[in-house]
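Asker: Could you have a look at this structure, given as structure tokens, before my questions?
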Protein chains: 2
Amino acid sequence: MNKKPRIVILGAGYGGMMTATRLQKSTAYRDAEITLVNKHNYHYQTTWLHEPAAGTMHHDRTRMKIDSVVDTNKINFVKDSVVEIKRDEKKVILEDGELDYDYLVIGLGSEPETFGIPGVEEHSFAIRSVNSVRLIREHIEYMFASYNKQDEKSDDVLTFVVAGAGFTGIEFVGELSERIPELCKEYDIDRELVKVYSVEAAPTALPGFDEELVEYAMNLLESRGVEFKINTPIKEVQDGRVLLADGEEIKAQTVIWTTGIRGNSIIENSGYETMRGRVKVESDLRVPGSDDTFIIGDCALIINEEINRPYPPTAQIAIQQSYTCSNNLKALIAGKTEMEEFKPDIKGTVASLGGKEAIGIVGERKLYGNSASAVKKIIDNRYLFLLGGMPLVLKKGKLKFF
Amino acid sequence: MNKKPRIVILGAGYGGMMTATRLQKSTAYRDAEITLVNKHNYHYQTTWLHEPAAGTMHHDRTRMKIDSVVDTNKINFVKDSVVEIKRDEKKVILEDGELDYDYLVIGLGSEPETFGIPGVEEHSFAIRSVNSVRLIREHIEYMFASYNKQDEKSDDVLTFVVAGAGFTGIEFVGELSERIPELCKEYDIDRELVKVYSVEAAPTALPGFDEELVEYAMNLLESRGVEFKINTPIKEVQDGRVLLADGEEIKAQTVIWTTGIRGNSIIENSGYETMRGRVKVESDLRVPGSDDTFIIGDCALIINEEINRPYPPTAQIAIQQSYTCSNNLKALIAGKTEMEEFKPDIKGTVASLGGKEAIGIVGERKLYGNSASAVKKIIDNRYLFLLGGMPLVLKKGKLKFF
């Protein structure tokens, strides 16, 4: 009797989680030994994290136990952290063990891109995980709680700098600007004392997005008291202040870093050829020269031929990749060699702005306000449906549309 | 026409607040110009503060707007901080002004007693005001939020030292031990990692209290995971650790200081003769040699002749003093010289232990558990009734008895 091939999936983010559940739904689990490895025993929705970070949603709504979605009778689950991939030995080194594989799926997710700017790692927060956003929420509340206890009242504790006005930055600022009036009430603080800066190096907020929608978003956020500093690179982050390239400095006890992401350093450290931590994968999502290894999600670099630039790493593309990846794995374990090509089908992009506000493009259509917000919720619920069907939508979905 | 005498009441704690409302209920406000001065525009219940500090009650339940209880058509209210009392000029210096008085009531409350132990002011929290307990609550949550974000997991952030096992210390530990399981759930932390130390220099917890009840309390709190270090003076508090006199050190990022109180330094700095900030008042509550000035509450030192020791400063005694004080003020503005003597009538003492648990003595009777807890709530509600009648009890009272 032949030994079953071993498929190891690293990371239970959008890509890894969907690959695992799709293999589970097919009969692939009968013909292969499939193992999912993740640092935590839960999966979380990275694209929702700006909400618990600002404190407008409880973090438990963004996560679910992996074994509530993955049937561990069909797919093995190992809770452990990946240290290194030894591609020549077809082995993954974990903190507390190791795993041999015949086929590997790398869905390890991203790391914050700091661009080497000094002080970012030491003095700023990243919207990255349940652990990190819980800390941001508590840090923000702590700042408000501190204010009235200061001997010399300093507004620095009420100044919040959000570095980067890309999607995450803008979505976070949207939530934060909704939360601040509540925090002011809770801690007896005059709203006027609180400052929120959205600082962006590029010449516009949401670079690359429709200009009309960007203007709508900026006007809305400004009306909630957000101050934009566009075209303003950050030179350094120090304890208690942010130094801007134009010589100005902002005194702030809170800096949230959202200037984009890079691939996972585990991949670089395992000897794969990367560009900012991402691997330019083949059209079938395999690593060039490693026919046994797929990379999906934030670590996969795929060029949009139309504009000759990489597709931005999103949940949408990671989910689509999981389809191709799981189909190709099924083919491989069935002994086939012909692989499906990955073709992204970008259906649109919607950014929430807090409360009932959002902006977005779906197909050719621009959306504002309530309707964009409703579409955003439909997108979020659709993912839950794909992952765990209607029960999961009812349990974790965004059901209050208006 | 004679000018009306001016009565100035400093501080809207238990004593000042009750004096003001009693003068308001009589017709005294017609015959005198009465002014209440307080740092905040709200009154709070100092004896409840261990609950919002631990996060088991919202701080707003412990406070009420002063003008919701005091009729500012009858009593002037000035929101300002007292800087100094110039007794020779019969004048109170405020941060933003000054007030002349004919009669003065000092109800300025207490300050934490640090016994000169190094590091207490810099590295510990006191359960003192709405502002301070809000910060304690947020600090505790921040510690839990930090734990899983540490690169090297250190238990120091989950170690809580409560210095002093007197009433406040024990009541706070009671609430904290109730809250910790909730925090562990919220932040994915194993309960076993959290340490709570109750450190007391005296040879027993709750010194002076009934031994049987003390044992009940300690057993209960130990069953909730509290570790007592009795007969253990603290030598120094440093950033991140507490040094004990026996040479041991406890690494802890959180120290709550509850080793008792002293009188307000404003009184010392204004040239009154004090013992640890408290003035030994005459039997009519006036300051020796200052017939125009009453001191009530935590700054008034009154000897219990039976045991030749001062009565402990409590809300109960402050409220009783407000009766004598307001009666004597009414007599003075009516031109009388005979003063009523203050006779404390200590009805009992109940300490809450969190949840539905408490211990207490009422009259000669010892109370435990549920019944003590119910009595504690009755006491709390009775104060609200005295202050603002049934409407205030309904608004701010503790109505869920069992």
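The values are calculated or read from the model by the stated rules, or taken from the named source; none is laboratory data. Computed from a predicted structure; not experimentally measured. Cβ coordinates were reconstructed from backbone atoms using ideal geometry, including for glycine residues, and neighbour counts include every protein chain displayed.
Asker: Taking the condition of being assigned to a helix (DSSP H, G or I) and either among the charged types (D, E, K, R) or without any contact (Cβ under 8 Å) to a residue 60 or more places away in the chain (or both), how many residues in the range A:1-48 meet it?
Answerer: The first filter runs over the range A:1-48 and keeps only residues assigned to a helix (DSSP H, G or I), leaving A:14-25, A:28-31, A:46-48.
In the following step, the residues that additionally are either among the charged types (D, E, K, R) or without any contact (Cβ under 8 Å) to a residue 60 or more places away in the chain (or both) were identified as A:20, A:22, A:24-25, A:29-31.
Count: 7.
Asker: For the range A:378-397, give me each residue that is charged (D, E, K, R) and either surrounded by 19 or more Cβ atoms within 10 Å (Cβ to Cβ) or in the same structural domain as A:R63 (by TED's automatic domain parsing) (or both). Show your work before the answer.
Answerer: Just the residues of the range A:378-397 that are charged (D, E, K, R), to begin with: A:380, A:382, A:395-396.
Scanning the range A:378-397 gives A:D380, A:K396.
Asker: Okay, moving on. I'd like to check something: does the range B:279-299 contain any residue that is in the same structural domain as B:R382 (by TED's automatic domain parsing), outside any helix (DSSP H, G or I), crowded, with 18+ Cβ neighbours inside 10 Å and not β-branched (V, I, T)?
Answerer: Of all residues in the range B:279-299, those in the same structural domain as B:R382 (by TED's automatic domain parsing) come to none.
No, because not a single residue in the range B:279-299 is in the same structural domain as B:R382 (by TED's automatic domain parsing), outside any helix (DSSP H, G or I), crowded, with 18+ Cβ neighbours inside 10 Å and not β-branched (V, I, T).
Asker: Collect the residues in the range B:110-128 that are in contact (Cβ under 8 Å) with a residue 12 or more places away in the chain, closer than 24 Å to A:E141 by Cα and within 14 Å of chain A (Cβ to nearest Cβ), keeping them in residue-number order.
Answerer: B:E122, B:S124, B:F125, B:A126, B:I127, B:R128
Asker: Please specify each residue of the range B:147-174 satisfying the condition of being surrounded by 20 or more Cβ atoms within 10 Å (Cβ to Cβ) and part of a helix (DSSP H, G or I). Spell out how you get there, then give the answer.
Answerer: The first filter runs over the range B:147-174 and keeps only residues surrounded by 20 or more Cβ atoms within 10 Å (Cβ to Cβ), leaving B:147, B:157-174.
B:Y147, B:V157, B:L158, B:F167, B:T168, B:G169, B:I170, B:E171, B:F172, B:V173, B:G174 - these are the residues of the range B:147-174 that are surrounded by 20 or more Cβ atoms within 10 Å (Cβ to Cβ) and part of a helix (DSSP H, G or I).
Asker: Going by what's in this entry, would A:G174 be described as of a type outside the set (S, T, N, Q) and at positive phi?
Answerer: Judged against the criteria, A:G174 is not a match.
Asker: Can you tell me which of B:E51, B:E89 is of a type in the set (D, E, K, R) and not in a loop (DSSP other than H, G, I, E, B)?
Answerer: When all the criteria are applied, what remains is B:E51.
Asker: State whether the residues of the range B:17-30 include one that is β-branched (V, I, T) and surrounded by fewer than 16 Cβ atoms within 10 Å (Cβ to Cβ).
Answerer: In the first step, residues of the range B:17-30 are kept if they are β-branched (V, I, T); the result is B:19, B:21, B:27.
So of that shortlist, the ones also surrounded by fewer than 16 Cβ atoms within 10 Å (Cβ to Cβ) come out as B:27.
Scanning the range B:17-30 turns up at least one residue that is β-branched (V, I, T) and surrounded by fewer than 16 Cβ atoms within 10 Å (Cβ to Cβ).
Asker: Is there a residue in the range A:310-328 that is more than 30 Å from A:Y368 (Cα to Cα) and in a loop (DSSP other than H, G, I, E, B)?
Answerer: So in the range A:310-328, the residues more than 30 Å from A:Y368 (Cα to Cα) come out as A:322-328.
Keeping just the survivors that are in a loop (DSSP other than H, G, I, E, B) gives none.
Looking for residues that are more than 30 Å from A:Y368 (Cα to Cα) and in a loop (DSSP other than H, G, I, E, B), one finds none in the range A:310-328, hence no.
Asker: Among the candidates B:R224, B:R276, single out the residue that is of a type in the set (D, E, K, R), touching a residue at least 40 places away in the same chain (Cβ under 8 Å) and outside the structural domain of B:D156 (by TED's automatic domain parsing). If you could, list the steps in order and put the result at the bottom.
Answerer: Numbers: B:R224 fails: outside the structural domain of B:D156 (by TED's automatic domain parsing).
Among B:R224, B:R276, only B:R276 is of a type in the set (D, E, K, R), touching a residue at least 40 places away in the same chain (Cβ under 8 Å) and outside the structural domain of B:D156 (by TED's automatic domain parsing).
Asker: Pairs under 8 Å by beta carbon, first residue within 14 Å of chain A (Cβ to nearest Cβ) in the range B:179-205, partner among the small types (G, A, S) and not in a loop (DSSP other than H, G, I, E, B), six or more apart or different chains?
Answerer: B:Y187/B:A145
Asker: Collect the residues in the range B:80-104 that are within 14 Å of chain A (Cβ to nearest Cβ) and of a type in the set (D, E), keeping them in residue-number order. Walk me through how you get there before you give the answer.
Answerer: Initially, the range B:80-104 is screened for residues within 14 Å of chain A (Cβ to nearest Cβ), giving B:81, B:95.
Hit for the range B:80-104 is B:E95, nothing else.
Asker: Looking only at the range B:275-293, which residues are under 20 Å from the mean Cα position of the chain (by Cα) and under 23 Å from B:K39 (Cα atoms)?
Answerer: Within the range B:275-293, B:R276, B:G277, B:R278, B:V279 qualify.
Asker: Any idea which residue in the range A:58-78 is surrounded by the fewest Cβ atoms within 10 Å (Cβ to Cβ), counting only those that are within 30 Å of A:S177 (Cβ to Cβ) and free of Cβ contacts under 8 Å to residues at least 40 places away in the same chain?
Answerer: So the residue we want is A:H58.
Asker: Checking B:N304 against (1) loosely packed, with under 12 Cβ neighbours inside 10 Å; (2) closer than 30 Å to B:I7 by Cβ, which single condition isn't satisfied?
Answerer: Result: B:N304 passes all but (1).
Asker: Looking at (1) surrounded by 15 or more Cβ atoms within 10 Å (Cβ to Cβ); (2) farther than 30 Å from B:A165 by Cα; (3) out of contact with any Lys or Arg (no Cβ under 7 Å at 6 or more places or on another chain); (4) acidic (D, E), can you tell me which one B:E51 breaks?
Answerer: It is condition (2) that B:E51 fails.
Asker: Which pairs have Cβ atoms under 8 Å, sit 6 or more apart or on different chains, and link a residue in the range A:129-158 that is at the interface with another protein chain (Cβ under 9 Å from one of its Cβ atoms) and under 11 Å from A:L49 (Cβ atoms) to one that is of a type in the set (K, R) and surrounded by fewer than 23 Cβ atoms within 10 Å (Cβ to Cβ)?
Answerer: These pairs meet every condition: A:V130/A:R63; A:N131/B:K149; A:S132/B:K149.
Asker: Same structure, new question: Quick check: anything in the range A:207-218 closer than 20 Å to A:I250 by Cβ and either away from chain B (no Cβ under 14 Å) or not polar (S, T, N, Q) (or both)? I'd like the intermediate steps shown before the answer.
Answerer: So the first thing to find is which residues in the range A:207-218 are closer than 20 Å to A:I250 by Cβ, and the list is A:218.
The next check asks that each one be either away from chain B (no Cβ under 14 Å) or not polar (S, T, N, Q) (or both); those that pass are A:218.
Looking for residues that are closer than 20 Å to A:I250 by Cβ and either away from chain B (no Cβ under 14 Å) or not polar (S, T, N, Q) (or both), one finds at least one in the range A:207-218, hence yes.
Asker: Using the structure shown, decide if B:V173 is in contact with a strand residue (DSSP E or B) (Cβ under 9 Å, 6 or more places away or on another chain) and either within 11 Å of chain A (Cβ to nearest Cβ) or closer than 19 Å to B:P52 by Cβ (or both).
Answerer: Values: in contact with a strand residue (DSSP E or B) (Cβ under 9 Å, 6 or more places away or on another chain): yes; either within 11 Å of chain A (Cβ to nearest Cβ) or closer than 19 Å to B:P52 by Cβ (or both): yes.
It is true that B:V173 is in contact with a strand residue (DSSP E or B) (Cβ under 9 Å, 6 or more places away or on another chain) and either within 11 Å of chain A (Cβ to nearest Cβ) or closer than 19 Å to B:P52 by Cβ (or both).
Asker: Would you confirm whether any residue within the range B:259-269 is more than 28 Å from B:A358 (Cα to Cα) and touching a Phe, Trp or Tyr at 6+ places or on another chain (Cβ under 7 Å)?
Answerer: So far as the range B:259-269 goes, no, none of its residues is more than 28 Å from B:A358 (Cα to Cα) and touching a Phe, Trp or Tyr at 6+ places or on another chain (Cβ under 7 Å).
Asker: Which of (1) within 13 Å of chain B (Cβ to nearest Cβ); (2) over 23 Å from B:F144 (Cα atoms); (3) not aromatic (F, W, Y) does A:G107 not meet, given it meets every other one?
Answerer: Of everything listed in (1) within 13 Å of chain B (Cβ to nearest Cβ); (2) over 23 Å from B:F144 (Cα atoms); (3) not aromatic (F, W, Y), A:G107 misses just condition (1).
Asker: When the residues of the range A:206-223 are narrowed to those that are in a loop (DSSP other than H, G, I, E, B) and out of contact with any Gly (no Cβ under 8 Å at 6 or more places or on another chain), which ends up surrounded by the fewest Cβ atoms within 10 Å (Cβ to Cβ)? Reasoning before the result, please.
Answerer: From the range A:206-223, those in a loop (DSSP other than H, G, I, E, B) are A:206-210; that's our starting set.
Cutting the leftovers down to out of contact with any Gly (no Cβ under 8 Å at 6 or more places or on another chain) gives us A:208-210.
On the way: A:G208: 12, A:F209: 19, A:D210: 14.
Step by step, filter the range A:206-223, then rank; the result is A:G208.
Asker: Can you pull out every residue in the range A:315-365 that is closer than 30 Å to A:A32 by Cβ, of a type in the set (G, A, S) and buried (at least 20 other Cβ atoms within 10 Å of the Cβ)? Spell out how you get there, then give the answer.
Answerer: Our first condition is that a residue be closer than 30 Å to A:A32 by Cβ; within the range A:315-365, this holds for A:315-345.
Of the ones still in play, those that are also of a type in the set (G, A, S) are A:315, A:318, A:322, A:326, A:331, A:334-335.
The answer is A:A315, A:A318, A:S322, A:S326.
Asker: Could you check the range B:335-383 for strands (runs of 3 or more DSSP E) lying wholly inside it with 3 or more residues that are of a type outside the set (V, I, T)?
Answerer: Numbers: elements: B:348-352, B:358-362, B:365-368.
Passing ranges, in order: B:348-352, B:365-368.
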